[in-house]
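All remarks here apply to the structure that follows.
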Amino acid sequence: MQEAQEDNLHQTLLDLKVKTSVLEVPQVEREKMTSRTMEMVNTYDDNIRNLTWGPVKTSDQGSLPAVDEIEEGPSEYELVMQDFNAHLVNAGVNPGHPTFFGAIPTGGGTYPASLGAFIPATFATYSGVHLKRTSIVEMENKLITWVADLFGYPAGHAGNISSGGSLATLTALAVAWDSRELKAADFHRCVIYCSEFAHDAVKKGLRAVGMREATLRTVQVDKLFKMTAAALERQILEDKKAGLLPFLVAATVGTTLTGSVDPVNDIADVCDRHQLWLHVDAAYGGFFALCDEVKQLFAGVERSDSIVVNPHKGLFVPCGVGVLVVKDGKKLQQCCSMDHTPTYFRGAPMFSAEHLSPSELSFELTRPFRGAQMWLPLKMFGVGVFREALKEKLLLARYLYGKLKETGQFELPLEPKLTVVLFRATAPPGVDSNNFNQQLFDGLNSDGKIFMTPAVLSDQFYLRVCVLCFRTHIEHLDLCFSLIQEKRLHIWELLRCDA
Ligand SMILES: *Cc1c(COP(=O)(O)O)cnc(C)c1O
C-alpha cells in the first residue's frame, strides 16, 4: 500500500515535470520570440522618430479590440503578440513621444535604459538584501552617491531607488516624522508647509504615513509662482502661537504645473531657525542640476534633509525609477530597518552591519534591480550627453517662449525657468478669453499631432508645453509653434464671424 502510494507520487511528479516543461523556453523558441520582439521595437522606434503616429491614437480609439480574457489553456504565440502589439501601439497617450508636451514627459526610455529593465528581469536579479556583498547593491549605492553629490550632500547620506517620486516622497515623510519622534497622538497638531504648486505626492504621502489629520498649509507664492520665505515664516510663527507643531517644509525645485522653483536657500534659513525638516521635491527638475546654465536654481538644496528626483523623467529611463536621498542616512535606516533578523532569515548571513541592504533603507523587501536602468545608460553614454540633452530641453523651452512672444498675440505669465512654457492667446474683442483658449487647446489636442495639458491659474485658462523627452528637438517645437499659430488663426476667424 505504502509502496503503491510512493510509486504513484513518483509517477505524478514525473508527469507534472513534463507538463510544466513548457515554462523552460528552448533556445530556438527564444530566438523566435526575441526576433519578433525586436521587430516590434524597431517598428515602434521608426514610427516614433518619423512621427508616423501621433501620441493620441484618435483614429482607432473607437475600433480597438476588446482586451482578451485570461484562459486556462495556452494561446497561439503569434496571435498573442499581434494583439499585445496592437494594444501597446494604441495605448492612448504616449508620454515618451517627441511631441508629447503634456504633464511631465515620462518614461521615454533610451535603448540601454530599456535593456536595464530587461536584462535583470531575465537574470532573476534580487536586490533586496545585500547577500554577502552583492555587487548590484554596490552599483545602486554608487548611483545614489552620484545623485547625492549632484546636490552637494556630504558623506553620511543614504537613499534608495524606488518606483518613483510618489513612493520616494512617502518614504521621506515617514523618515521625517520617525526621526522627530512624533507621536501619532500629536499628528493632528502637526503642520506641513508647501505651496499650492507642490505635487499631490506630498498629500498622498501624508495619508499613507497615517498623517491625514495633520494640517497641510499652503504658503503664499510670489508673481513667479515661488513660495515666499517671509510668508512661510509668518505662518510658522502664527502656528506656533496657536499651539501647533510646525514640522516639515516641502520645497519644490521644478513644480509640475508651472516649472517654478521655490527659493530653497531662503526656505532653509527659515527651517534652520525653527528646526523644521526640509524636504526638496526635485522629481521633475532634479537632473537639470547637471546644467551650469540653471545650477543657481539649486542653491540651498544641499542644506535640505531629504531630496527626491525622478530618473524616469530627467534621465529618460523607463517608468518606475525614482530616487530618495536622506542627508542623515542613519535616520533612513532607523525608519526602515528592523532591529532583529526576521525569522525567515535567521541562521543565514543575509544582512551585514557593514553593508546595508536596500530593504533596510526602504519599505520594500523584494525589489527589481532598478539601478540597472540608470547604470547602463550612464555608463554607455557617459554623463556628458545627458547634460547636453537637458540643456537642449532648457533652450527648446526658451525657443518656443521667444517665438510666441515675438508674435505679440500671446500672454506669457512666466519666462521659463526650466522647461515649462505657459501661454494664452489674446482673444478677439468681445470673446471670453477662457473660452477662446479652451477652444484653442481642444483644437491642438484633437488631431493627435501634439499633446499638451492645460494650466488653470487663478481661474484663467492657460495652455502649457513641457519639454522633457530625449527625442524632442527643434523640429518638434517648430511643429508645435506652427500648429498653435494655425489653430489660433482658425478659431479667431470662426469666433469673429460669430460675433
Ligand atoms: C512627477 C512628480 C512627482 C511624482 O512622481 P511619480 O514618479 O509620478 O510618482 C512628484 N513631484 C513632482 C514635482 C513631480 O513632477
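For first residues located in region 174-185 and surrounded by fewer than 16 Cβ atoms within 10 Å (Cβ to Cβ), partners that are in a helix (DSSP H, G or I) and lie 6+ apart or on another chain with Cβ distances below 6 Å form the pairs 178/335. Among the candidates 430, 408, the residue that is at positive phi and modelled with pLDDT under 95 is uniquely 430.
Does residue 221 meet the test of being closer than 28 Å to residue 243 by Cα, without any contact (Cβ under 8 Å) to a residue 40 or more places away in the chain and away from the ligand (no atom under 13 Å from the Cβ)?
Values: closer than 28 Å to residue 243 by Cα: yes; without any contact (Cβ under 8 Å) to a residue 40 or more places away in the chain: yes; away from the ligand (no atom under 13 Å from the Cβ): yes.
In short, yes.
Evaluated against (1) assigned to a loop (DSSP other than H, G, I, E, B); (2) surrounded by fewer than 20 Cβ atoms within 10 Å (Cβ to Cβ); (3) of a type in the set (S, T, N, Q); (4) touching a residue at least 12 places away in the same chain (Cβ under 8 Å), residue 258 falls short on exactly one condition, (2). Each residue in region 157-177 was checked for being of a type in the set (Val, Ile, Thr) and away from the ligand (no atom under 16 Å from the Cβ), and 1 of them qualify.
In the condition set (1) closer than 30 Å to residue 262 by Cβ; (2) of a type in the set (Lys, Arg); (3) out of contact with any Leu (no Cβ under 8 Å at 6 or more places or on another chain), residue 417 is compliant with all but (3).
Residue under question is residue 349, and the condition is that it be closer than 23 Å to residue 392 by Cα and not in a helix (DSSP H, G or I); does it hold? Lay out the reasoning, then the answer.
Details: closer than 23 Å to residue 392 by Cα: no; not in a helix (DSSP H, G or I): yes.
No, not satisfied.
What number of residues within region 287-296 satisfy the criterion of being more than 20 Å from the chain's Cα centre (by Cα) and either within 16 Å of the ligand (Cβ to nearest atom) or outside any helix (DSSP H, G or I) (or both)? Write out each step before concluding.
In the first step, residues of region 287-296 are kept if they are more than 20 Å from the chain's Cα centre (by Cα); the result is 292-296.
Those still in the list that are either within 16 Å of the ligand (Cβ to nearest atom) or outside any helix (DSSP H, G or I) (or both) too: 294.
The total comes to 1.
Quick check on this structure: which one of 171, 218, 125 is under 22 Å from residue 351 (Cβ atoms) and not in a loop (DSSP other than H, G, I, E, B)? Give the derivation first.
Working: 218 fails: under 22 Å from residue 351 (Cβ atoms); 125 fails: not in a loop (DSSP other than H, G, I, E, B).
Sole residue among the options that is under 22 Å from residue 351 (Cβ atoms) and not in a loop (DSSP other than H, G, I, E, B): 171.
If you go through region 243-280 and keep only what is within 16 Å of the ligand (Cβ to nearest atom) and in contact with a Pro (Cβ under 9 Å, 6 or more places away or on another chain), you end up with 251, 258, 259. Scanning region 121-156 for residues that are of a type in the set (Gly, Ala, Ser), under 21 Å from residue 331 (Cβ atoms) and either surrounded by fewer than 21 Cβ atoms within 10 Å (Cβ to Cβ) or within 16 Å of the ligand (Cβ to nearest atom) (or both) yields a count of 4. Residue 197 meets the conditions (1) in a helix (DSSP H, G or I); (2) within 16 Å of the ligand (Cβ to nearest atom); (3) assigned by TED's automatic domain parsing to the domain that holds residue 372 in every case but one. The failed one is (1).
Having 2 or more residues that are hydroxyl-bearing (Ser, Thr, Tyr) and out of contact with any Cys (no Cβ under 9 Å at 6 or more places or on another chain) is the bar; report the helices (runs of 4 or more DSSP H) wholly within region 362-477 that clear it. Walk me through how you get there before you give the answer.
Details: elements: 372-381, 383-407, 433-446.
Helices (runs of 4 or more DSSP H) meeting the threshold: 383-407, 433-446.
Check region 310-332 and report whether any residue there is surrounded by fewer than 19 Cβ atoms within 10 Å (Cβ to Cβ) and in a helix (DSSP H, G or I). Scanning region 310-332 turns up at least one residue that is surrounded by fewer than 19 Cβ atoms within 10 Å (Cβ to Cβ) and in a helix (DSSP H, G or I).
The values are calculated or read from the model by the stated rules, or taken from the named source; none is laboratory data. Computed from a predicted structure; not experimentally measured. Glycine gets a Cβ as well: all are built from the backbone with ideal geometry, and neighbour counts include every protein chain shown.
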